[in-house]
Amino acid sequence: MSNLVEVKNVTKKYGEHVAVNGVSFAIRQGEIFGLLGPNGAGKSTTISMLATQFPPTGGAITIDGMDVVTDAKKLRSKIGVVPQDLALYPTLSARDNLIFFGEIYGLRGRELKTRVDEALEIVGLQDRAKERIETYSGGMKRRVNLAAGLLHRPKILFLDEPTVGVDPQSRNAIFENVELLNQQGMTILYTTHYMEEAERLCHRVGIMDHGKIIALDTPKNLIALLGGSIIHIGLNHEPNGLLAEIRALPNIKSAQWQSEKLIVQANGAEGALVGIANAFNTAREPMQSLEILKPNLESVFLHLTGKHLRDQ
Amino acid sequence: MKLWAVTIKDLKIILADRGALVTLFAMPLMFIVVMSLLLGPLFRGADDNAIKLPVVILDNSAQANTVITDLQSINGFSIETEINEGNQTRAMTRAGAEAMLRDGRRVAALIIPDGFGNALTRGEKANVIVLQDPAQLNLANVVLGAVNGVLGRVGGQAQTTQSVEQLTQLVQSKLPPQAPFDADAFRASALDKMNKSLNTSPITVETINIAPVNENQIGVFEQNVPGFSIMFVFFLVNFVAGSIMAEKQDGTFRRLLVAPISKPALLAGKLLPNFIVGLIQITILFAVGHFVFGMKLGNDLFGLVLVTIAVSLAATGLGILVAALVKTERQISGLGTLVILTLAALGGSMVPLSVMPDFMQNVAKFTPHAWALMGYQNIIARGASWVDVLPQVAMLLGFAAVFYAVALWRFRFD
């Protein structure tokens, strides 16, 4: 598969603040590429630069062989953008919103009508297309927001946190839309801070933190980095001597003290737990809580950064 | 107490809302200060007069001086016998007075021609000329009334003197030296002549409009419709700025910035509908003025169209300037409305320029409103053609150009 998007050593600075710091990645033709990271990690800034909204401070981005700075005008008709904030006219109907955005992308007449109908069908809102956007639920607005990015059949679609504040039904509808569009051949860049979305939808995921990509692979490979199980043991205080003892046990890959918890990564939970329980008994250290987790992108992120994706 | 908690919380919210503070405090203060500056002279005494009357004195007689002195003694009038040209102060000329009338800075001027005093001394008819601005006939009539009053007195005095002189000669020539003198009959005769003389002044007032008056009298609608249309077309400022702010807040601007549309096309697309609304707004207001209230439209509709296009451009330009300077929707309702009302008050939309003090008349020239008003009234009330209002149209386009230039310089798309 050839690369549709190439991001090379891209930096974006606002004065002293570095929002994106030397990021490099490529998006292959036809894949759903996820950018996963907490709020403020630099995902939206990255997507804005890809969408030609503003130029990078350093580095280069090409999409379909064209530079996002020098070829911005030509590129804009090949990319679709679904911004994180709802970008719609609340007092106009869904259909009028879509007609307007279609016209901006140069669509006219019968073709415009067909594309608007198509987009409404994809997001399942034909029935209520004539109602004002302001009367819609949050989830319906999100779906119109998505439809507006599809009208001109872009080669690549940028979806910036498309499920924020959405009810489960609309969220599922959006997932299905994204999968359908991808099956039809559309390349998709999907940013989110919900790891389960990235796991479900994305072929590959880049994990961002503090403006950098700290890991990039398929969700499966990223999770396999951790392997086995994750055991969280809640304690009142840092178990100084105990930590070294647990690390020395068989089947234990790592053990660290984070956020009032002892986090143990083990090859298998059952084998490890006996040894851990014995160590606690010997040290006469009571456990406050015990949690056994299967590794997922959240735990990968936790493992890589020492913090959660979302505030807890 | 919970009541107080709610009260204090809401006070904090109001005090944090700059738009509300502008509306509650800055706006009334602006009205108090500006309207006091504009109308102050009307409320003050004789030494600081409201209506200025340029007087061109071409006659050096005692009677002419009496006219001046009498006019000066009227409260609410200020007589101007001199004119400032460059750094020089010279005697008022007819050309200078006419220029002030054409600019709308004065409503009328008095000319006392050469030979005025001599004619009165000889007991002949004497003539004065009153120049008046047909666009401001209501005020001009006030001036004319005052001038007529003074001239009646001066004329009466002159005629009384003349009559007494005639009677003395009559008595001296007809009576033998020893004949008894009938004092009662003499007094009655003298009084009779004096009374007559006071009722029929020998001074005639020739009234000249400095521009042709269209058909009949200029009414209140010819004065107020243009003034208030200009004031309210500038409310477009809030609509332009508000719609740009809404695009920013709704995120649609961001979507459009990554769409294949250039920034100039995007901004022009935001301005054009408001510009068109401005044209429609003025057309409807003038049409209502004309068809419902019988307002005259002058002789050159094309001239009205030119001024309307120019004033709508200036209004939308000011709108985008406000949009470039403010950061929140509340600031628009505060700052926008403050700018709109201040310019309207300063620019003569609320109070005719002619009643403003000289200083404020000069300030008015820094508002597009004053030029638009001048353009409209030149056509409607002074019979001007589209060529005559090109200077006003050019000034309005100049305002628009400055507004757009500063706005584009300060404008932030994100």
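The values are calculated or read from the model by the stated rules, or taken from the named source; none is laboratory data. Quick caveat, the model's predicted, so the values are computed rather than measured. Every residue, glycine among them, receives a Cβ derived from its backbone with ideal geometry; neighbour counts consider all protein chains shown. Ligands, DNA and RNA are excluded from the accessible area calculation, which covers all protein heavy atoms including side chains. Shrake-Rupley method; radii C 1.70, N 1.55, O 1.52, S 1.80 Å.
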Practice problem: Could you tell me whether the stretch B:204-211 includes any residue that is part of a loop (DSSP other than H, G, I, E, B), in contact with a Pro (Cβ under 9 Å, 6 or more places away or on another chain), under 30 Å from B:L285 (Cα atoms) and modelled with pLDDT of 65 or more? | Solution: yes
Quiz item: Got at least one residue in the stretch B:212-226 being polar (S, T, N, Q), open to solvent by less than 20 Å² (accessible area, probe 1.4 Å) and modelled with pLDDT of 85 or more?
Solution: no
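So that you can scan it fast, the table gives a plain yes or no per residue for (1) over 24 Å from B:V339 (Cβ atoms); (2) open to solvent by 10 Å² or more (accessible area, probe 1.4 Å):
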site: B:V233; (1), (2): no, no
site: B:K263; (1), (2): yes, yes
site: B:A268; (1), (2): no, yes
site: B:I282; (1), (2): no, no
site: B:L297; (1), (2): yes, yes
site: B:T308; (1), (2): no, yes
site: B:G317; (1), (2): no, no
Quiz item: Restricting the first residue to the stretch B:74-98 and requiring it to be over 21 Å from B:V355 (Cα atoms), which pairs with a second residue that is open to solvent by 80 Å² or more (accessible area, probe 1.4 Å) and hydrophobic (A, V, I, L, M, F, W, C) meet a Cβ separation below 8 Å and a spacing of at least six or different chains?
Solution: none
Practice problem: Read through the list (1) open to solvent by 10 Å² or more (accessible area, probe 1.4 Å); (2) outside any helix (DSSP H, G or I), then give the number of the only condition that B:L313 fails. | Solution: (2)
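Taking the residues in the stretch A:122-134 that are over 15 Å from A:L150 (Cβ atoms) and either more than 30 Å from the chain's Cα centre (by Cα) or open to solvent by 30 Å² or more (accessible area, probe 1.4 Å) (or both) as candidates, determine which candidate is farthest from the other protein chains (Cβ to nearest Cβ).
Filtering the stretch A:122-134 for residues over 15 Å from A:L150 (Cβ atoms) gives A:127-128, A:130-134.
If we keep only those that are either more than 30 Å from the chain's Cα centre (by Cα) or open to solvent by 30 Å² or more (accessible area, probe 1.4 Å) (or both) as well, we get A:127-128, A:130-132, A:134.
Working: A:D127: 24, A:R128: 20, A:K130: 20, A:E131: 17, A:R132: 13, A:E134: 11 Å.
Among those that are over 15 Å from A:L150 (Cβ atoms) and either more than 30 Å from the chain's Cα centre (by Cα) or open to solvent by 30 Å² or more (accessible area, probe 1.4 Å) (or both), it is A:D127.
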Quiz item: in a strand (DSSP E or B) and surrounded by 12 or more Cβ atoms within 10 Å (Cβ to Cβ): does that describe B:I83?
Solution: yes
Quiz item: Wholly within the stretch A:166-245, which strands (runs of 3 or more DSSP E) include no fewer than the required count, namely at least 3 residues that are of a type outside the set (D, E, K, R), under 21 Å from A:L293 (Cβ atoms) and not assigned by TED's automatic domain parsing to the domain that holds A:V10?
Solution: A:229-234
Practice problem: Might you check whether a residue that is in contact with a helix residue (DSSP H, G or I) (Cβ under 8 Å, 6 or more places away or on another chain), closer than 21 Å to A:G106 by Cα and in the same structural domain as B:A372 (by TED's automatic domain parsing) occurs anywhere in the stretch B:285-304? | Solution: no
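Within the stretch A:72-99, can you find the residues that are outside any helix (DSSP H, G or I), away from chain B (no Cβ under 12 Å) and either hydrophobic (A, V, I, L, M, F, W, C) or open to solvent by 50 Å² or more (accessible area, probe 1.4 Å) (or both)? So that I can check it myself, show each step before the final result.
Applying the first criterion (outside any helix (DSSP H, G or I)) to the stretch A:72-99 yields A:76-93.
Of the ones still in play, those that are also away from chain B (no Cβ under 12 Å) are A:93.
Correct list: empty.
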Quiz item: Between a first residue in the stretch B:260-275 that is in contact (Cβ under 8 Å) with a residue 12 or more places away in the chain and a second residue that is open to solvent by less than 50 Å² (accessible area, probe 1.4 Å) and polar (S, T, N, Q), which pairs have beta carbons less than 6 Å apart while being 6 or more apart in sequence or on different chains?
Solution: B:L271/B:T316; B:N274/B:T316; B:F275/B:S312; B:F275/B:T316
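Would you say B:I261 is aliphatic (A, V, I, L, M), within 14 Å of chain A (Cβ to nearest Cβ), part of a helix (DSSP H, G or I) and in contact with a Gly (Cβ under 9 Å, 6 or more places away or on another chain)?
Numbers: aliphatic (A, V, I, L, M): yes; within 14 Å of chain A (Cβ to nearest Cβ): yes; part of a helix (DSSP H, G or I): no; in contact with a Gly (Cβ under 9 Å, 6 or more places away or on another chain): yes.
So B:I261 does not fit the description; no.
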Quiz item: In this structure, does A:V69 turn out to be touching a His at 6+ places or on another chain (Cβ under 9 Å) and either assigned to a helix (DSSP H, G or I) or open to solvent by 30 Å² or more (accessible area, probe 1.4 Å) (or both)?
Solution: no
Practice problem: Collect the residues in the stretch B:247-256 that are surrounded by fewer than 20 Cβ atoms within 10 Å (Cβ to Cβ) and either among the small types (G, A, S) or within 7 Å of another protein chain (Cβ to nearest Cβ) (or both), keeping them in residue-number order. | Solution: B:D250, B:G251
Quiz item: Hey, among B:L42, B:L15, B:L58, which residue is open to solvent by 80 Å² or more (accessible area, probe 1.4 Å), aliphatic (A, V, I, L, M), under 29 Å from B:P357 (Cα atoms) and at pLDDT below 75?
Solution: B:L42
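Is it the case, given these coordinates, that A:I188 is in contact (Cβ under 8 Å) with a residue 12 or more places away in the chain, surrounded by fewer than 20 Cβ atoms within 10 Å (Cβ to Cβ) and among the hydrophobic types (A, V, I, L, M, F, W, C)?
Values: in contact (Cβ under 8 Å) with a residue 12 or more places away in the chain: yes; surrounded by fewer than 20 Cβ atoms within 10 Å (Cβ to Cβ): no; among the hydrophobic types (A, V, I, L, M, F, W, C): yes.
Considered against the rule, which asks whether it is in contact (Cβ under 8 Å) with a residue 12 or more places away in the chain, surrounded by fewer than 20 Cβ atoms within 10 Å (Cβ to Cβ) and among the hydrophobic types (A, V, I, L, M, F, W, C), A:I188 comes out as no.
Name the single residue that is least open to solvent (accessible area, probe 1.4 Å) among those in the stretch A:100-121 being aliphatic (A, V, I, L, M) and within 14 Å of chain B (Cβ to nearest Cβ). Quick ask: steps written out before the conclusion?
Step one: of the stretch A:100-121, the residues aliphatic (A, V, I, L, M) are A:104, A:107, A:112, A:116, A:119-120.
If we keep only those that are within 14 Å of chain B (Cβ to nearest Cβ) as well, we get A:104, A:107.
Working: A:I104: 29, A:L107: 12 Å².
Filtering first and then ranking leaves A:L107.
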Practice problem: Working only within the stretch A:122-170, note down all residues that are free of Cβ contacts under 8 Å to residues at least 24 places away in the same chain and of a type outside the set (D, E, K, R). | Solution: A:Q126, A:T135, A:P168
Quiz item: If you scan the stretch B:378-398, which residues turn out to be touching a Gly at 6+ places or on another chain (Cβ under 7 Å) and assigned to a helix (DSSP H, G or I)?
Solution: B:I379, B:I380, B:Q392, B:V393
Quiz item: So which of B:A126, B:A183 ends up being at pLDDT below 70, open to solvent by less than 50 Å² (accessible area, probe 1.4 Å) and of a type in the set (A, V, I, L, M, F, W, C)?
Solution: B:A183
Quiz item: Applying the selection to the stretch A:277-303, what residues are hydroxyl-bearing (S, T, Y) and either in the same structural domain as A:L35 (by TED's automatic domain parsing) or not in a strand (DSSP E or B) (or both)?
Solution: A:T282, A:S299
Practice problem: Those residues that are touching a Leu at 6+ places or on another chain (Cβ under 6 Å) and either more than 24 Å from B:A246 (Cα to Cα) or not in a helix (DSSP H, G or I) (or both), I need them from the stretch A:124-135; list them, please. | Solution: A:Q126, A:A129
Quiz item: Out of (1) closer than 19 Å to A:L225 by Cα; (2) in a strand (DSSP E or B), the odd one out for A:W257 is which?
Solution: (1)
Quiz item: B:G145 fails exactly one of the following numbered conditions: (1) within 16 Å of B:I79 (Cβ to Cβ); (2) in contact (Cβ under 8 Å) with a residue 12 or more places away in the chain. What is the number of that condition?
Solution: (2)
